[in-house]
1. Quick check on my filter: what residues within the stretch A:89-127 are closer than 20 Å to residue A:324 by Cα, among the aliphatic types (A, V, I, L, M) and touching a Ser or Thr at 6+ places or on another chain (Cβ under 9 Å)?
2. For residues in the stretch A:12-59 being among the small types (Gly, Ala, Ser) and either free of Cβ contacts under 8 Å to residues at least 40 places away in the same chain or more than 24 Å from residue A:78 (Cβ to Cβ) (or both), which is surrounded by the most Cβ atoms within 10 Å (Cβ to Cβ)?
3. If you check residue B:283 against the conditions, is it in contact with an Asp or Glu (Cβ under 8 Å, 6 or more places away or on another chain) and either among the β-branched types (Val, Ile, Thr) or in contact (Cβ under 8 Å) with a residue 40 or more places away in the chain (or both)?
4. Working only within the stretch B:118-143, note down all residues that are more than 30 Å from residue A:75 (Cα to Cα), more than 9 Å from chain A (Cβ to nearest Cβ) and in a strand (DSSP E or B).
5. What's the number of the condition residue B:154 fails, among (1) closer than 30 Å to residue B:241 by Cα; (2) out of contact with any strand residue (DSSP E or B) (no Cβ under 7 Å at 6 or more places or on another chain)?
6. Identify all residues within the stretch B:9-42 that are more than 7 Å from chain A (Cβ to nearest Cβ), closer than 29 Å to residue A:345 by Cβ and assigned to a loop (DSSP other than H, G, I, E, B); write none if there are none.
7. Select, from A:104, A:167, the only residue that is over 17 Å from the mean Cα position of the chain (by Cα) and more than 26 Å from residue A:337 (Cβ to Cβ).
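The values are calculated or read from the model by the stated rules, or taken from the named source; none is laboratory data. Quick caveat: nothing in here was measured; it's all calculated off a predicted structure. Backbone-built Cβ (ideal geometry, glycine too); neighbour counts: all protein chains shown.
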Protein chains: 2
Amino acid sequence: MSDLIVPRTLKGFRDYPPELMLPRESLMETARHVYRSYGFAPIDTPALEYAEILCGKGSDETDKQMYRFKDAGDRDIGLRFDLTVPFARFAAQHIGSLGTPFKRYHIAPVWRGENTQRGRFREFVQCDFDTIGTQSIASDVEILLVIQDLLHALGIERFKIQLNDRRVLTGVLEQVELLDQSVAILRALDKLTKVGAERVAAEMAETAGADASQAGKIIALAACEGTNEEILRQLQQLTRGSARGEEGVAFLQQVVSLADAAGLSAEQLRVSPSIARGLDYYTGMVVETFLDDLPEIGSICSGGRYDNLAGLYTKQQLPGIGASLGLDRLLAALEELGKLPTTQTAAPVFIAYFEADRLADYLRLAKSLRAAGLGVEVFPEPKKIGQQLKYADRRGFTWAVIQGADEFERAICQLKHLKTAETREISVANGPSQLIQALTET
Amino acid sequence: MSDLIVPRTLKGFRDYPPELMLPRESLMETARHVYRSYGFAPIDTPALEYAEILCGKGSDETDKQMYRFKDAGDRDIGLRFDLTVPFARFAAQHIGSLGTPFKRYHIAPVWRGENTQRGRFREFVQCDFDTIGTQSIASDVEILLVIQDLLHALGIERFKIQLNDRRVLTGVLEQVELLDQSVAILRALDKLTKVGAERVAAEMAETAGADASQAGKIIALAACEGTNEEILRQLQQLTRGSARGEEGVAFLQQVVSLADAAGLSAEQLRVSPSIARGLDYYTGMVVETFLDDLPEIGSICSGGRYDNLAGLYTKQQLPGIGASLGLDRLLAALEELGKLPTTQTAAPVFIAYFEADRLADYLRLAKSLRAAGLGVEVFPEPKKIGQQLKYADRRGFTWAVIQGADEFERAICQLKHLKTAETREISVANGPSQLIQALTET
C-alpha cells in the first residue's frame with residue numbers, strides 16, 4: 001500500500017480534537033449568550049467575497065495576507081481576513097431594510113496567510129459585536145458592560161478593561177502641530193514602557209521632527225498614572241485649550257461615571273492614556289482588556305468607536321462602536337490558567353454494555369436519562385467490563401452505570417463515580433427515578 | 001463619490017441577516033445538544049486542505065466543484081466540499097491517540113462551486129455525526145434514535161425515517177449476476193416512482209443488459225410495500241439463497257426490533273427497500289428522513305454504514321456509521337411549515353430610553369433583569385417614545401419597559417406587551433423583583 005496519501009494539515013492550520021473543541025464551543029456559547037442578552041443579533045456573511053470588496057480598505061499588509069484566487073468563472077475572489085470588512089459591505093447593502101440602530105454579533109472563522117511563528121494560526125475564529133447607526137454614549141458604555149459580563153460568565157474576575165479616547169491624543173497632537181506625524185509619533189510612543197521616555201523622545205525627534213517640548217507633552221500624556229480620577233485630572237490639564245482633547249476627556253469622565261453606576265467599578269475599568277489601537281480607523285473611545293494573571297498574552301477583547309463604517313460602499317454615514325473577543329487567545333489563556341475542563345466528552349454518564357442480549361434495556365435506560373436532561377453514552381459492544389471502564393476513564397465521563405445478569409435479576413444497577421471510584425447500588429425496580437436522582441444530586 | 005464599490009455577494013452566496021440567522025443558530029444549538037446527549041463530541045478541521053487530500057476519493061463531479069487554487073507558498077490547496085473527507089483524514093491522523101470507538105460531530109460550512117439553480121448555494125453548513133471503530137448494531141440503532149431526538153427537539157413529530165440495508169440489493173444483484181452493472185441498475189431503479197416498472201425494466205435491459213426476469217426481481221425488491229413486518233417478509237423471500245441478502249434482511253429485522261424497544265416505533269421508522277444512497281460508499285444500513293408535511297424537499301437527514309472510512313490515508317480499517325443533518329434544507333422546510341420565529345432579536349425585553357439624564361438608571365435596571373436571566377436591550381438614544389416603540393415592534397421584542405419622569409417619581413414602570421399592546425403599571429419601589437416576576441410568569 002505504498003500509494004497511501006499522507007494525512008496532514010497545511011502549515012499554519014490545525015485540527016481541533018474534542019478536548020480542545022469542547023471548551024472552544026463552550027466559549028462561543030457563552031459569547032453568544034452574553035451578546036444576545038444585550039440585544040445583539042447574529043448575522044453571517046460568506047467566507048468568500050469579491051477581492052475588490054475585501055481589499056477596499058486593505059493595507060499592503062492585509063492584501064499580502066489574503067487568500068486570493070480566481071474561481072471557475074474567472075472572478076477575482078478571496079477568503080475574508082476579518083469580520084469588519086464583510087460587516088461594512090453587509091451594512092451598506094442591507095441597512096435600509098434593517099434600520100438603525102443595528103446591533104449585530106458575528107462569530108466565524110477568518111483566514112490570513114501570515115507568518116506562522118509564535119503560535120499564530122492561519123485560520124482563527126473571531127467574535128465581533130457592534131452597534132451601528134448611533135453616536136450615543138449609551139452604546140460605548142454598553143460595550144464595556146458586555147466585556148465585563150463575558151469575562152464573568154467565563155469565571156474570570158481578575159481583569160482590567162483599559163479605556164482611552166482617541167480624541168485626547170489627537171487633540172494634543174493638534175495643539176503641538178504634529179497631527180500629520182501621528183503615525184511616526186504613535187510608533188515611537190508604543191515603545192514607552194520598553195525603552196523609556198528619553199529614547200522615545202529621541203525617536204520622535206528623528207522620525208517626526210518633534211522638539212523636546214512637543215515630545216515631552218506627548219510622553220507626559222501617555223505616562224499619566226494613578227486612579228481614574230487622578231488620570232482624568234492630569235488629562236484635563238494636558239488637553240487644556242484643545243477643544244477636541246477636552247471633548248475626549250469629558251467623554252471619558254462620563255463613561256467612567258456611567259459604567260460605575262451600572263456596576264463596572266474602577267477595580268475593572270481603568271483609564272489608560274497610552275492605548276491607541278492604530279490610527280486610521282477609530283475616532284473616539286478605544287478599549288483593550290487584559291487578564292491580571294496573564295497580561296503578557298495581550299488584549300483578549302479590543303475595540304472602539306468609529307465615525308463611518310461603510311464609506312467605501314455607501315454614502316450613508318454609519319457611525320458605530322464595536323469590539324472583538326479573541327477567542328483562540330482566550331482559550332490559550334484559560335488553558336494556561338487551568339480553567340479548562342479536561343474531558344473529551346460532553347456527556348457525564350457512561351452506560352456499560354455488559355449483557356450481549358440486553359442492548360434494548362441499555363438503550364431504554366439511556367433514553368430515560370436523556371429525557372431527564374442527562375447526557376448518556378452507551379458503549380456499542382459487549383466487551384470486557386475492564387476495557388469499557390478504561391475507555392470511560394479516558395474519555396472523561398463522570399459516572400458509569402453497570403448492569404450485568406445479577407443486577408438485572410435484582411433490579412438494581414451499580415453506579416460508579418469514575419473520579420473517586422466510589423460505587424453504589426441503586427434500585428431500578430420502580431424505573432430509573434432513583435438513578436436519576438443520584439446522578440443529578442451532586 | 002463615483003468611486004464607491006458596489007456592495008454585493010458572489011453569485012451562489014448569501015448573507016444571513018438576524019431573522020434568518022437566529023433560527024439557524026437555534027437549529028445548530030439543538031443539533032449540538034442532541035449529539036452531545038449521546039456522547040458525540042465536537043471536532044473541527046481546517047476549511048483549507050491540500051488538494052491531494054480533498055481529491056483523494058473525489059469523483060470528476062466533486063473535483064470540478066471544488067474551490068481549488070495555489071496559495072502564496074505555491075501549495076495546491078482547496079476548500080473542503082464536505083465534512084467526510086476531512087474526517088477521514090483526521091481519523092487517519094489522530095485515531096491512535098483518540099482511541100476507538102470514536103464518536104464525533106462536526107458542524108461547519110462547506111463550499112461547492114456547483115450550478116446555482118433551484119435554491120442551492122455554494123456555501124452551506126453540514127451537521128455530521130459518526131461513530132467509527134465499531135461494527136456493532138448498537139451504533140446503527142443509535143443513529144436512528146439521534147435522528148428521532150433531533151426532530152422531536154425541533155418540534156417535528158410527523159416524519160418518516162426510511163431504512164434499508166445495502167446488502168439486500170447487493171445480494172439480489174449477486175444472485176441475478178448483475179453486480180457489476182449496479183450503477184446502471186440503480187440509475188434506472190431511481191426512476192421507479194416517476195416512470196413505472198415497465199419503463200424501468202426497459203432501461204435496465206438497455207443500459208445493464210438485464211433480461212425481464214432479472215429486472216423483474218430487482219424491481220420487485222424496490223417495490224415492496226406494507227408494514228415493516230410485511231416488507232421484511234417479502235424481502236426474506238426475495239433474498240432467499242443469497243447469503244449477503246439474507247444477512248441484510250436479518251439485520252434490518254434486528255434494527256427495527258431494537259429501535260422499537262428503544263421508543264422508535266413503526267410510525268416513524270419504515271423499512272424502505274428502494275433507498276440506496278449511491279453505490280461506492282455505504283456497505284450496510286442506509287437511512288433517509290422525510291417530513292410528512294413536506295416530502296418533496298427531499299431527505300433532511302441521511303447516512304449509512306461504511307466498512308472503511310480512511311483507507312486512502314491509513315492501513316487501519318475504520319468501519320463506522322454516520323449521518324448528516326441538512327441544516328439549510330431543514331431551515332427552508334421549517335420556514336415553509338411556519339415553524340420559524342419571526343423575530344430579529346434574541347432578547348425579549350426592550351427598555352426605552354426616555355429621560356436623557358437617567359441613562360445610568362436604565363442601565364442598572366437592564367443589569368438586574370439580565371442577572372435574572374432575561375435578555376434586555378436599552379435603546380441607545382433618548383428619542384421620541386413613539387419612534388423607540390416602532391423600533392421595538394420592528395425588531396420583534398415581546399415587552400417594552402417605559403419609565404419617564406412621572407414613573408421615576410412614583411417608583412413604578414410601565415410594562416407594555418408589544419403583541420397585545422396591553423400595558424400595566426409595576427412598582428419598582430423595592431427593586432425590580434415585581435417586574436422580573438411579571439416578565440417571567442408568562
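1. Correct list: A:91, A:108.
2. The initial filter retains those residues of the stretch A:12-59 that are among the small types (Gly, Ala, Ser), namely A:12, A:26, A:31, A:37, A:39, A:41, A:47, A:51, A:56, A:58-59.
Pick out the ones that are also either free of Cβ contacts under 8 Å to residues at least 40 places away in the same chain or more than 24 Å from residue A:78 (Cβ to Cβ) (or both) and you get A:26, A:31, A:37, A:39, A:41, A:51, A:58-59.
Numbers: A:26: 17, A:31: 25, A:37: 23, A:39: 27, A:41: 25, A:51: 19, A:58: 17, A:59: 10.
Checking each candidate, the answer is A:39.
3. Details: in contact with an Asp or Glu (Cβ under 8 Å, 6 or more places away or on another chain): yes; either among the β-branched types (Val, Ile, Thr) or in contact (Cβ under 8 Å) with a residue 40 or more places away in the chain (or both): yes.
Against the criterion (in contact with an Asp or Glu (Cβ under 8 Å, 6 or more places away or on another chain) and either among the β-branched types (Val, Ile, Thr) or in contact (Cβ under 8 Å) with a residue 40 or more places away in the chain (or both)), residue B:283 qualifies.
4. Passing the criteria: B:128, B:129, B:130, B:132.
5. All conditions are met except number (1).
6. B:40
7. A:167
For every residue, the table says whether it meets (1) outside the structural domain of residue A:129 (by TED's automatic domain parsing); (2) under 20 Å from the mean Cα position of the chain (by Cα).
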residue	(1), (2)
A:284	yes, no
A:308	no, no
A:315	no, no
A:322	no, yes
